[in-house]
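The values are calculated or read from the model by the stated rules, or taken from the named source; none is laboratory data. Just so you know, these numbers come straight off a predicted model, no measurement behind them. When we count neighbours, we look across all protein chains shown, and the Cβ atoms used for this are built from the backbone with ideal geometry, even at glycine.
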Amino acid sequence: MKRASRSSDTVSWFAIRKPLPGERRLLLTVLSFVLPLALWCLVSYVPFIWHPDIKLTVAADREGVTTVYTAGDHVARSYFDEYANAVRRENEAVQAGEGTTRSGFSARRNNVKILRAVAPLAIEQGWISENQVTDNAAIFDVWEGLATGRLVSEKPELTPENLAIVQEDWQTLQAHWAEDPEHEMPSDPLLKLIPQGRLSNPVYLPEPHAVLLTGWKDWNAEPAEGRPSLPERYRHSLYIVFSGFFLAALAGVPIGILSGTYDFFSKLFEPFIDFFRYMPAPAFSTLLVAIFLAHDAPKIALVFVGTFFQLVLVVANTTRQLDYSLLEAAQTLGAKRLDLLRRVILPGITPSLYNDLRILLGWAWTWLVIAELIGVKSGLTEVIETQGRWRNFESVFPVIILIGLTGFFTDQLLANLRPLLFPWTPEAIGQKQGPLVRFYRWVTDQQVYVRDDKPTTSDPA
Amino acid sequence: MSDHLDLPDYREQSPEVAARFASIRQRPVKLEVCGLEKRFHSPEGERVVLQDISFKAHRREFISIIGPSGCGKSTLIRILAGLETISGGDVLLEGNAVKGPSRERGMVFQGYTLFPWLTVKKNVMFGLEVSGRSGPAVESEAMDWINLVGLARYANAYPSELSGGMKQRVAIARSLANQPQILFMDEPFGALDAQTRAQMQAYLLQIWKNVDVTILFVTHDLDEAIYLSDRILVLKANPGEIQEFIEVPVPRPRDPEQFISPTFLATKNRLEHLIHPRQPGQEQARLPITKMTAAGDEVE
Amino acid sequence: MNNPIASWFRRAGLAALTLMVGAVASLSAKEPLKIAYSDWPGWVAWEIGIKKGWFEEEGVDVDFLWFDYVASMDAYVAGNVDAVCMTNGDALVTGATGKPSVGIILNDFSNGNDMVVAAPGIDSIQDLKGKKVGLEEGFVEHLMFLTALKKAGMNPSDVTIVNTPTNETPQVLASGAVDAIAAWQPNSGQALKTVAGSQPIFTSADAPGIIYDLLYVSPESLESRRDDWMKVTKVWYRIVDYLQDESNFDEALAILASRVSVDPAEYEPFFQGTYILSYDEAMERWQDASGLDSVYGSSRAVDAFNRSVGVYSERQDIQKYLDPSLTEALDQ
């Protein structure tokens, strides 16, 4: 008997349209975030799943090719050997004394670049700091250390081939400097380090830890003089979204409420707005730049254009959804025009209005990315755009995630505030009120109604 | 009338009932309806919903309006409350023509229509505040009305926390707080279960006993109409016209036990006859139901 | 004909107009010079003057606005800025279709940054016979590609041109839809990186002077604020002198790279694909001559090209687009 009742308590995981018990729901909610992350980690850290590229840890220029690979670039696995062999052939030519035709500054600069090829590796080992890359003395010190065995690179380690090149170059340099007390760069070509790298996924799928670390680094990075830092950009993006949204709400909510209340305004505004909203907001971007000039105004205007027209229609519709009999009841209680608007329509629609604005705030976020690209690029989108153009996706992902998290948490916060703002809605009453809500009601001196028994009609008068 | 030979004529009134009606007729007329007409315009053309409706309601009288569905009884009461326009005729409240809704004429709807964002107390205070009053006097006055409907404990609850019967009691208190001359009730208990409805009827009679108000009550429940009313206005459909204005012969105070008294049954019989007139041969009409089982043969 | 009232109106109108123009001019005199610049090494070099405070030192108030290249020209046409950095070819297009401008500073010419990048297996322009090439029609790359064909002794009809936005050329080459693309940096570099084994088969270094990069100023601004533009010219040659000193190379590279948010090592080849003209070199190229060694000759060639591909139909008066007088006046 007992067992039977127990088993009937256990709801199937796949019961149709039946809510699962609380702990299972929580588990699934957590899983919905963990699963994609786990998939990302799996693809990133288990080498034999994908990894079609090689991410360079040591890069080299090739003669006659304008574009160079730098450390951190991705090269297709199939192409890597060809690339490395091209550099080997150049080294052989140098050893055979058939170096390049370079001379003067160009030749010396070429050698500087050869020596600096070791810089990313030295930074990773902590031997030099990021701003010492152009510090020749520091670079010489690394070469000396590597050549003499004082410094040994681990993870990534230098291949024996490259170690031999380091030693050979160091000897060449020593020989040159023996005649040149100024320690200038020689004009004769040095040997290039052969490209090295490790297996990796394509550049557009960076590893989770790289995204995390780069994001943290970018967030705290000191920006170049006169340029905004990432937190400043973030604030600027928030400013654009919320300004545009706020202005749209400021203009749109009254118009929407009037249209929903009076047929006069509905017919006056809505047909045109209904037509206008089909014109995509980005189509107005050059027009907005021409009207408002560059800087923030056209961006805010774009968010406004993208949000305002939808907002008016949604708010008008929400206003129309208000139970008409409430208005009739108020009239039989003596309410006249303004009373109806102020005491019935406004308080009656606020919970739905709040939800509408929540959803439209999401819309405003989607316009941000386009808004920040028009005129003078700015904010987080400029980072996405420029870093994306240079294929630094480790820097792009954190920004995208930041935007996502901001939207998500804003929405969650607003959703959680709802019962506090509208304690009378059935959702709020059905919900167990948290300490925050109780505290708020206590502070605002709202009498808290405590239900001590289940209200029934048999309740004696 | 012929099938219940043992019942008295519904028009026969006991002396005390006759005396009561005589005294009611002496009271001042609160509401007077003369030749009321209502037409609706639709694509198919004009439709007459109400036609030639004339009657008077006296002070503190309880009148029910019944009729077959589609007879326009709800339309009638909405016109009287000022929520619909008149196509012809007059509606006079204490001799003055009615124009639009006003706090003189309260209304209780079937769908409760409490303001969900206001507590019970604030709902009851609504009419008083709209009329420009405020302060502790208004609050204590509202509490008096809430006490009258027995909901003092729920004064700070929101409507969504209340059961249907409780909501309707709040709606009644809210209307009465305005101290209207007349209270219209449009099938107010129609959405309640049978038990709650019976309780609400008793509550309403108690409240009415304590308050000086004329009540016009639309219902489709014949028992309810007889149990509550002094007079019953019976409408017929297409077009809506007054068929009969019945004086209920059941003596007051009313009690549920009267439901089986001969005068009650006679009145009900008459109402049934008016609303569902039997046509010859109709009772023989059977629904074509296919027999599906043999197991229950002995039950018949 | 000689109605006195009409002539009075005409005179009054003229006076009012003069007053208005004067008011606008005096108003704008207080405003900083607004200059739109974009992602081209020769123009990013302005950043050195900005960072070093040389504009303040020369006593000219400037406001450099960072745009995408095409957007910067839109801003100029919309009247949002007083000057814009453009190639000599695009200045003609902007002038013929939107708003004329006058080139006053000759910054550089492209020396390898503009490329024809071919898929693996194609080693020369001749190999492109009968193949598809993705490029943005009517832009400088189109002209460069036609020049490449001419130099290789081929006709435009020998290849099929697929109109492709320049910033999408790397993906289009990678997709295999075309056999080669023509683009400028960083798109050309990206194409090289994206398609392993691809190589440049023709670059602007093979036809130096086909694309000149200048500062183009609106004629009104040049007329009303010539002194200020003179000071801007002076700052430019301070920048050029600074760049000529090889000990400044790393610092300059760092300033430029930070403007476009990229690693200096990655930016170095782009910078080297741009030939910044010294004062003397610039003066040589300011001489009106035919051929690509003169900015006049180059502009005439682009004008002919633009008309041949139907970007516009009217022959442009090259003299109106170029004004070397400020640079000449600088001669110490």
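Of all residues in the stretch A:123-146, count the ones that are within 23 Å of A:A224 (Cβ to Cβ) and hydrophobic (A, V, I, L, M, F, W, C).
Within the stretch A:123-146, residues that are within 23 Å of A:A224 (Cβ to Cβ) and hydrophobic (A, V, I, L, M, F, W, C) number 5.
How about the stretch C:33-143: which strands (runs of 3 or more DSSP E) wholly inside it have at least 2 residues that are away from every other protein chain (no Cβ under 14 Å) and touching a strand residue (DSSP E or B) at 6+ places or on another chain (Cβ under 7 Å)? Steps first, answer last, please.
On the way: elements: C:33-37, C:62-66, C:83-87, C:102-110, C:115-118, C:132-135.
Output list reads C:83-87, C:102-110, C:132-135.
Look through the stretch A:287-309, keep the residues that are within 26 Å of A:R235 (Cβ to Cβ) and either polar (S, T, N, Q) or over 27 Å from the mean Cα position of the chain (by Cα) (or both), and return whichever of them is surrounded by the most Cβ atoms within 10 Å (Cβ to Cβ).
A:T307
Counting only residues that are in contact (Cβ under 8 Å) with a residue 24 or more places away in the chain, farther than 30 Å from A:A221 by Cα and surrounded by fewer than 17 Cβ atoms within 10 Å (Cβ to Cβ), how many does the stretch A:231-263 have?
2
Within the stretch C:242-274, take every residue that is out of contact with any Pro (no Cβ under 7 Å at 6 or more places or on another chain) and more than 9 Å from chain A (Cβ to nearest Cβ) and give me the one that is surrounded by the fewest Cβ atoms within 10 Å (Cβ to Cβ).
Checking each candidate, the answer is C:S247.
Does any residue of the stretch A:96-112 turn out to be charged (D, E, K, R) and within 24 Å of C:L192 (Cβ to Cβ)? Can you show your working first?
The initial filter retains those residues of the stretch A:96-112 that are charged (D, E, K, R), namely A:98, A:102, A:108-109.
Right, trim to within 24 Å of C:L192 (Cβ to Cβ) and you get A:102, A:109.
Yes, the conditions are met somewhere in the stretch A:96-112.
Those residues that are buried (at least 18 other Cβ atoms within 10 Å of the Cβ), on the phi > 0 side of the Ramachandran plot and more than 7 Å from every other protein chain (Cβ to nearest Cβ), I need them from the stretch B:87-137; list them, please.
B:Y112
Residue check, C:V311 against (1) surrounded by fewer than 18 Cβ atoms within 10 Å (Cβ to Cβ); (2) in contact (Cβ under 8 Å) with a residue 12 or more places away in the chain, all met but one. Which one?
The single condition C:V311 does not satisfy is (1).
Residue by residue through the stretch A:320-372, note down the ones that are in contact (Cβ under 8 Å) with a residue 24 or more places away in the chain and small (G, A, S).
A:G348, A:S352, A:G362, A:A364, A:A371
So is A:G334 away from every other protein chain (no Cβ under 14 Å) and modelled with pLDDT under 95 or not?
no
Take the residues in the stretch A:264-286 that are in contact (Cβ under 8 Å) with a residue 12 or more places away in the chain and more than 30 Å from the chain's Cα centre (by Cα); name whichever of them is farthest from C:K34 (Cα to Cα).
If we take residues in the stretch A:264-286 being in contact (Cβ under 8 Å) with a residue 12 or more places away in the chain and more than 30 Å from the chain's Cα centre (by Cα), then A:S266 is farthest from C:K34 (Cα to Cα).
I need the full set of residues from the stretch C:173-190 which are within 21 Å of A:N201 (Cβ to Cβ) and hydrophobic (A, V, I, L, M, F, W, C), in order please.
Narrowing the stretch C:173-190 to residues within 21 Å of A:N201 (Cβ to Cβ): C:174-175, C:190.
Listed by number, the list holds a single entry, C:A174.
What number of residues in the stretch C:53-73 are in contact with a Phe, Trp or Tyr (Cβ under 8 Å, 6 or more places away or on another chain) and either over 18 Å from A:R227 (Cα atoms) or touching a residue at least 60 places away in the same chain (Cβ under 8 Å) (or both)? Break it down stepwise before answering.
The initial filter retains those residues of the stretch C:53-73 that are in contact with a Phe, Trp or Tyr (Cβ under 8 Å, 6 or more places away or on another chain), namely C:61-62, C:64-67, C:69, C:72.
With either over 18 Å from A:R227 (Cα atoms) or touching a residue at least 60 places away in the same chain (Cβ under 8 Å) (or both) added as a condition, the list becomes C:61-62, C:66, C:69, C:72.
Residues that pass the stated criteria total 5.
When you look at C:P186, is it surrounded by 19 or more Cβ atoms within 10 Å (Cβ to Cβ) and in contact (Cβ under 8 Å) with a residue 60 or more places away in the chain, yes or no?
yes
Restricting to the stretch A:130-169, and then to whatever is within 38 Å of the chain's Cα centre (by Cα) and assigned to a helix (DSSP H, G or I), can you tell me which residue is farthest from the other protein chains (Cβ to nearest Cβ)?
Initial filter on the stretch A:130-169 (within 38 Å of the chain's Cα centre (by Cα)): A:130-136, A:138-139, A:142, A:152-159.
Going one step further and asking which of them are assigned to a helix (DSSP H, G or I), we end up with A:130-132, A:136, A:138-139, A:142.
Values: A:E130: 10, A:N131: 9, A:Q132: 12, A:N136: 9, A:A138: 13, A:I139: 11, A:V142: 16 Å.
Ranking the qualifying residues of the stretch A:130-169, first place goes to A:V142.
Here is a check on your reading of the model: is A:R108 closer than 20 Å to A:I165 by Cβ and either at pLDDT 90 or above or at the interface with chain C (Cβ under 9 Å from one of its Cβ atoms) (or both)?
Yes.
Between A:D218, A:D188, which is outside the structural domain of A:E385 (by TED's automatic domain parsing), touching a residue at least 60 places away in the same chain (Cβ under 8 Å) and within 16 Å of the chain's Cα centre (by Cα)?
Just one listed residue meets the conditions, A:D218.
Restricting the search to the stretch C:206-223, which residues are surrounded by 18 or more Cβ atoms within 10 Å (Cβ to Cβ) and part of a helix (DSSP H, G or I)?
C:D206, C:S221, C:L222, listed by residue number.
For B:S140, indicate whether it is surrounded by fewer than 17 Cβ atoms within 10 Å (Cβ to Cβ), among the small types (G, A, S) and at the interface with chain A (Cβ under 8 Å from one of its Cβ atoms).
Against the criterion (surrounded by fewer than 17 Cβ atoms within 10 Å (Cβ to Cβ), among the small types (G, A, S) and at the interface with chain A (Cβ under 8 Å from one of its Cβ atoms)), B:S140 does not qualify.
Determine if the stretch C:164-181 includes at least one residue that is surrounded by fewer than 18 Cβ atoms within 10 Å (Cβ to Cβ), more than 14 Å from chain A (Cβ to nearest Cβ) and in contact with a helix residue (DSSP H, G or I) (Cβ under 8 Å, 6 or more places away or on another chain).
no
Restricting to the stretch B:47-80, count the residues that are acidic (D, E) and assigned to a loop (DSSP other than H, G, I, E, B).
1
Of the numbered conditions (1) at pLDDT 90 or above; (2) more than 14 Å from chain A (Cβ to nearest Cβ); (3) out of contact with any strand residue (DSSP E or B) (no Cβ under 6 Å at 6 or more places or on another chain), B:I79 satisfies every one except a single condition; which is it?
All conditions are met except number (2).
Find the residue count for the stretch A:187-246, including only residues that are among the small types (G, A, S), in contact with a strand residue (DSSP E or B) (Cβ under 9 Å, 6 or more places away or on another chain) and over 20 Å from A:V396 (Cα atoms).
So the answer is 1.
Yes or no: B:V299 farther than 21 Å from B:R25 by Cβ and at pLDDT 95 or above?
It is false that B:V299 is farther than 21 Å from B:R25 by Cβ and at pLDDT 95 or above.
Of all residues in the stretch B:156-182, how many are outside any helix (DSSP H, G or I), under 20 Å from B:V138 (Cβ atoms) and either facing chain A (nearest Cβ under 9 Å) or in contact with a strand residue (DSSP E or B) (Cβ under 8 Å, 6 or more places away or on another chain) (or both)? Can you show your working first?
Narrowing the stretch B:156-182 to residues outside any helix (DSSP H, G or I): B:156-158, B:162-163, B:178-182.
Narrowing further to those that are under 20 Å from B:V138 (Cβ atoms): B:156-158, B:178-180.
Keeping just the survivors that are either facing chain A (nearest Cβ under 9 Å) or in contact with a strand residue (DSSP E or B) (Cβ under 8 Å, 6 or more places away or on another chain) (or both) gives B:156-158, B:178, B:180.
Of the residues in the stretch B:156-182, 5 are outside any helix (DSSP H, G or I), under 20 Å from B:V138 (Cβ atoms) and either facing chain A (nearest Cβ under 9 Å) or in contact with a strand residue (DSSP E or B) (Cβ under 8 Å, 6 or more places away or on another chain) (or both).
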